2 protein chains.
Amino acid sequence: MNLPAGPVLALSGGVGGAKLCLGLDDLLPAGQLHIACNTADDFGHLGLTICPDIDTVLYTLGGVSNPHQGWGLDGESWQVLAALEQLGADSWFRLGDRDLATHLWRAGELARGASLSAVTAELGRRLEVQAAVYPMSDDPVRTVVHTAEGDLPFQHYFVREQCRPRVHGFSFAGLDAAVLQANLADLCASRTLAGVIICPSNPFVSIDPILQLDSFWQTLRESQVPVLAVAPIVAGQALKGPAAKMMAELNLPVTATGVAAHYAEHYPGLIGTFVVDHSDATLVPAIQKLGMEVEVTVTIMRERADKQALAAACLELLCR
Amino acid sequence: MNLPAGPVLALSGGVGGAKLCLGLDDLLPAGQLHIACNTADDFGHLGLTICPDIDTVLYTLGGVSNPHQGWGLDGESWQVLAALEQLGADSWFRLGDRDLATHLWRAGELARGASLSAVTAELGRRLEVQAAVYPMSDDPVRTVVHTAEGDLPFQHYFVREQCRPRVHGFSFAGLDAAVLQANLADLCASRTLAGVIICPSNPFVSIDPILQLDSFWQTLRESQVPVLAVAPIVAGQALKGPAAKMMAELNLPVTATGVAAHYAEHYPGLIGTFVVDHSDATLVPAIQKLGMEVEVTVTIMRERADKQALAAACLELLCR
């Protein structure tokens with residue numbers, strides 16, 4: 001297997017992105033994998049700053065995640081949540097006891113003045129994660145979901161409402177003022193990046209915020225680094241999360257082509273290669289028409305070997 | 001038994017004060033007991049605002065406290081603390097899971113802009129506490145313990161260092177700028193108060209902050225409301241906590257007389273009656289010389305009946 005010579009940057013949301021990141025982390029030598037995590041679905045809850053995507057990536061790469069649900073921790077208990085329910089407090093966001101320890105530790109560090117980047121790096125060390133994991137920004141950015149029932153903060157839409165309300169758009173509060181995380185900016189400026197992998201995460205609420213932040217997509221395009229994206233839609237279905245439902249409600253074709261078209265429209269010239277599953281091989285000509293090369297492989301990641309295989313395919317593409 | 005006709009105000013720290021408050025709450029009709037809690041040992045920890053005295057009083061009056069240790073909750077579990085230890089986070093402050101639910105709920109309310117008074121009142125409602133419990137102030141006041149090993153925030157001295165360092169004084173950061181809690185100020189201004197009971201709490205770190213806040217002791221003295229204090233030292237020992245050790249280190253006599261002298265010196269003319277235990281009956285003349293009446297009774301509160309008996313004796317004194 002060919003491995004790129006320089007650093008590789010993955011852009012990731014939560015569960016789906018974390019799976020591919022785990023495969024990449026298994027294959028790349030220490031120090032070579034950098035991961036920019038979406039923070040637009042972070043939210044303040046019970047005085048805590050909760051960072052679902054960062055934590056899912058760190059828990060997955062640290063080998064402590066719940067393998068069945070893809071988020072949260074293995075061997076979790078729920079004592080605090082039960083007591084919150086007894087107190088009559090909000091309990092729709094399912095905070096496990098072990099997960100709460102992470103949030104409390106982070107809250108303490110943030111209260112002392114540490115940046116989210118510093119806290120994330122330290123949490124990575126404590127979980128013995130090899131990859132460098134960064135929030136996309138140290139400034140708060142918060143997704144607002146525009147729905148038929150009014151605007152909802154992302155976690156209210158996603159967790160409390162279980163993605164039920166019909167979506168007609170998104171905005172990212174704080175995005176215009178937010179600055180790209182410093183290591184990510186340095187990584188681009190260094191011109192050493194071997195490639196960027198856009199993980200099979202939700203294009204609208206996980207990847208768009210990262211790419212739009214501080215004109216990051218333009219910085220990447222101008223640097224001419226190879227960029228590939230893995231389709232989060234396979235055979236018309238999102239493997240995880242509400243991407244397919246959102247696309248239908250936004251009147252987009254619920255296909256890998258629809259995702260590629262979204263990226264081509266908003267980030268013209270950014271993505272060189274689009275990776276789709278074998279079951280979507282018929283879509284290749286349509287995606288090629290958008291100006292992208294297309295790679296067809298297995299993108300469904302059930303076992304560790306699947307994650308490594310897809311990671312290997314992506315890394316191979318970056319060596320071309 | 002005679003009961004005062006008007007509202008009664010108790011000034012309380014943690015465990016010892018909460019015991020007498022429970023007795024008072026058992027005897028007084030609904031709406032008549034008001035409790036001003038010390039907040040100078042509150043502290044910020046893991047991003048939370050922890051209010052040990054308020055919580056001890058509310059947990060005790062709500063019937064949910066741990067009956068063996070006097071603080072914390074009955075039937076507590078420790079999942080989060082174990083996870084914090086695994087993470088390598090500070091774990092010297094023993095936060096139980098059920099207790100954490102209180103702190104998290106409070107943090108959420110404070111983050112939404114609620115005052116500590118409002119949060120305390122609402123927590124009292126949720127725990128079905130009959131008495132009105134107030135923080136002494138909505139403004140932060142923090143005890144600093146001056147020790148032979150340098151200045152320590154109160155909980156570092158009290159919990160982390162287990163009161164080991166030798167004390168030579170105290171200061172209360174924020175006290176000068178803090179305003180007396182509004183209901184307490186109203187209660188004094190209404191001139192309806194039937195009496196004030198200074199609970200058998202630590203004079204230096206529990207009662208001094210309340211009395212010194214916003215010149216509260218002078219307001220009370222000028223209102224001519226009857227004020228009695230219950231000695232927290234019995235037969236030369238503090239029943240709970242570091243009061244006796246502190247008095248020895250401050251070169252004060254470690255007796256009920258020492259406590260009365262401290263109050264007489266700092267709050268001249270405030271306390272009309274000082275309540276001591278039978279075992280300290282020989283101290284009566286010395287305390288009388290300080291200008292106080294002295295009541296001798298049983299002040300050790302082991303059982304619920306002891307708390308009620310001491311409460312009855314105090315209420316009887318306020319009827320004279």
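Structure notes:
- In a residue-by-residue description of the stretch B:113-130, the property of being away from every other protein chain (no Cβ under 14 Å), of a type outside the set (A, V, I, L, M, F, W, C), under 20 Å from the mean Cα position of the chain (by Cα) and buried (at least 22 other Cβ atoms within 10 Å of the Cβ) applies to no position.
- Residue count for the stretch A:62-83, restricted to those that are within 9 Å of another protein chain (Cβ to nearest Cβ) and either farther than 22 Å from A:T120 by Cβ or in a helix (DSSP H, G or I) (or both): 7
- Residue in the stretch B:32-44 that is within 12 Å of chain A (Cβ to nearest Cβ), closer than 25 Å to B:P242 by Cα and aliphatic (A, V, I, L, M) present: no
Here's the yes/no breakdown for (1) under 19 Å from A:Q86 (Cβ atoms); (2) part of a helix (DSSP H, G or I); (3) within 14 Å of chain A (Cβ to nearest Cβ):
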site	(1), (2), (3)
B:D53	no, yes, no
B:T60	yes, yes, no
B:E85	no, yes, yes
B:T102	yes, yes, yes
B:G108	yes, yes, yes
B:H146	no, no, no
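- Given (1) under 30 Å from B:N2 (Cβ atoms); (2) modelled with pLDDT of 95 or more, index of the condition B:Q212 fails: (1)
- Listed by first and then second residue, the pairs linking a residue in the stretch A:45-68 that is without any contact (Cβ under 8 Å) to a residue 24 or more places away in the chain to a residue that is part of a loop (DSSP other than H, G, I, E, B), with Cβ atoms under 7 Å apart and 6 or more places separating them unless they lie on different chains, are A:N66/A:G72; A:N66/A:D74; A:N66/A:E76; A:P67/A:D74.
- Residue ID - surrounded by the most Cβ atoms within 10 Å (Cβ to Cβ), chosen from residues in the stretch A:141-176 that are at pLDDT 95 or above and of a type in the set (K, R): A:R142
- Residue count for the stretch A:87-100, restricted to those that are out of contact with any Phe, Trp or Tyr (no Cβ under 9 Å at 6 or more places or on another chain) and in a helix (DSSP H, G or I): 2.
- Test: residue in the stretch B:68-82 that is surrounded by fewer than 22 Cβ atoms within 10 Å (Cβ to Cβ), over 19 Å from the mean Cα position of the chain (by Cα) and polar (S, T, N, Q): yes
- Residue list for the stretch A:9-47, filter: assigned to a helix (DSSP H, G or I) and at pLDDT 95 or above: A:G17, A:A18, A:K19, A:L20, A:C21, A:L22, A:G23, A:L24, A:D25, A:D26, A:L27
- Entirely in the stretch A:211-271, the helices (runs of 4 or more DSSP H) that have 2 or more residues that are within 26 Å of A:R320 (Cα to Cα) and touching a residue at least 40 places away in the same chain (Cβ under 8 Å): A:216-223, A:256-266
- Taking the listed residues B:I54, B:I50, the one that is modelled with pLDDT of 95 or more, in contact with a Cys (Cβ under 9 Å, 6 or more places away or on another chain), surrounded by 18 or more Cβ atoms within 10 Å (Cβ to Cβ) and among the aliphatic types (A, V, I, L, M) is B:I54, with no other qualifying.
The values are calculated or read from the model by the stated rules, or taken from the named source; none is laboratory data. The structure presented is a predicted model; accordingly, all values stated were derived computationally and were not measured. Reconstructed Cβ throughout: ideal geometry from the backbone, glycine too, with neighbour counts over all protein chains shown.
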